[in-house]
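Single-structure report; data block below.
Bear in mind that the values in this text are calculations on the coordinates, not laboratory data. Computed from a predicted model, the values in this text were never measured in an experiment. When we count neighbours, we look across all protein chains shown, and the Cβ atoms used for this are built from the backbone with ideal geometry, even at glycine.
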């Protein structure tokens, strides 16, 4: 099973974490994604329009596992002026 690990900086502008938009294709197979907040501040998860009303992931939270099916994606954003880092481990069809 292919895997991919990376760390992305988060900002108030939504950015793709995993899924169809991340890879520039219209579909993918099954992807397991493990997420962990490494920085100061809260990261909010959701769709491409995610805001601070999204699902919060703080440094006090343990790793979060998300399962993405074909055509699904997950995005992140943070509060303005805060730039936490998000550790990402993608397992499954990662290319």
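With an 8 Å Cα cut-off and a minimum separation of 6 or more residues, compute the relative contact order for the range 3-92 in percent.
Numbers: 241 pairs, mean separation 44.6, N = 90.
50 percent.
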Just one of (i) 19, 53, 26, 3; (ii) 17, 41, 29, 11, 3, 1, 0; (iii) 12, 17, 12, 11, 10, 9, 8, 7, 6, 5, 3, 0 is P(r) over Cα pairs in 10 Å bins from 0, in percent as worked out from the coordinates here. Which one is it? (i)
Pairwise FRET efficiency - residue 70 versus residue 12, Cβ, R0 = 30 Å, nearest 0.05: 0.55
Would you mind telling me which residue in 81, 46, 54 has the biggest mean-square fluctuation in a Gaussian network model of the chain, where springs connect alpha carbons within a distance under 10 angstrom? 81
Mean residue ellipticity at 222 nm from the helices of the chain, using -39,500 (n - 2.57) per DSSP H segment of n ≥ 4 over the full residue count, to the nearest 500 deg cm²/dmol? -500 deg cm²/dmol
Separation between the residue 3 and residue 83 pseudo-spin-labels, each 7 Å from Cα along Cα→Cβ, expressed in nm? 2.9 nm
